[in-house]
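A short worksheet on the structure shown next.
The values are calculated or read from the model by the stated rules, or taken from the named source; none is laboratory data. Quick caveat: nothing in here was measured; it's all calculated off a predicted structure. As a convention, Cβ positions derive from the backbone with ideal geometry for all residues, glycine included, and neighbour counts pool all protein chains shown.
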Amino acid sequence: MGRISSKCRNSQMGSENLSLIDTRKRANFRLCNVSGYKMDLLEIHAKDPKFHVLFIPGNPGVISFYLDFLESLYDLLDGTASVTAISHIAQTEKLALIPQQLHG
């Protein structure tokens, strides 16, 4: 079996939409390169987690589609669990091509 390599870049999703009233913990977004394929991760780390929720989406396999759901899940669990969501490999890359294909 070949060696799997990974490189990730971090940013925070939705931070430009924060209001003074909103105290919800935001998901951390990471774009990773795993063996030459792009993959997205969304993570919310609990301070003292009792367990970890791993979310693997169905269709669509694009993690940003589930951002509100994942942040609400974290809130519903009262911060007792860390939440990680993993996109399907290359879903980000495929969606990035759609606007280019539409414009010719």
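Observations, loosely collected:
- Qualifying residue in the range 66-83 (condition: modelled with pLDDT of 90 or more, of a type in the set (Gly, Ala, Ser), in contact with a strand residue (DSSP E or B) (Cβ under 8 Å, 6 or more places away or on another chain) and assigned to a strand (DSSP E or B)): yes
- The residues listed here are ARG30, ARG26; of these, the one that is of a type in the set (Lys, Arg), assigned to a loop (DSSP other than H, G, I, E, B), at pLDDT 75 or above and surrounded by 11 or more Cβ atoms within 10 Å (Cβ to Cβ) is ARG26.
- Pairs where the first residue, in the range 18-35, is more than 15 Å from ILE86 (Cα to Cα) and the second is surrounded by 14 or more Cβ atoms within 10 Å (Cβ to Cβ) and at pLDDT below 80, C-beta under 7 Å, 6+ apart: ARG26/MET13; ARG26/GLY14
- Any chance MET39 is modelled with pLDDT under 55 and either surrounded by 15 or more Cβ atoms within 10 Å (Cβ to Cβ) or not β-branched (Val, Ile, Thr) (or both): no
- Qualifying positions in the range 34-65 - part of a helix (DSSP H, G or I) and either among the basic types (Lys, Arg) or touching a helix residue (DSSP H, G or I) at 6+ places or on another chain (Cβ under 9 Å) (or both): ILE63, SER64
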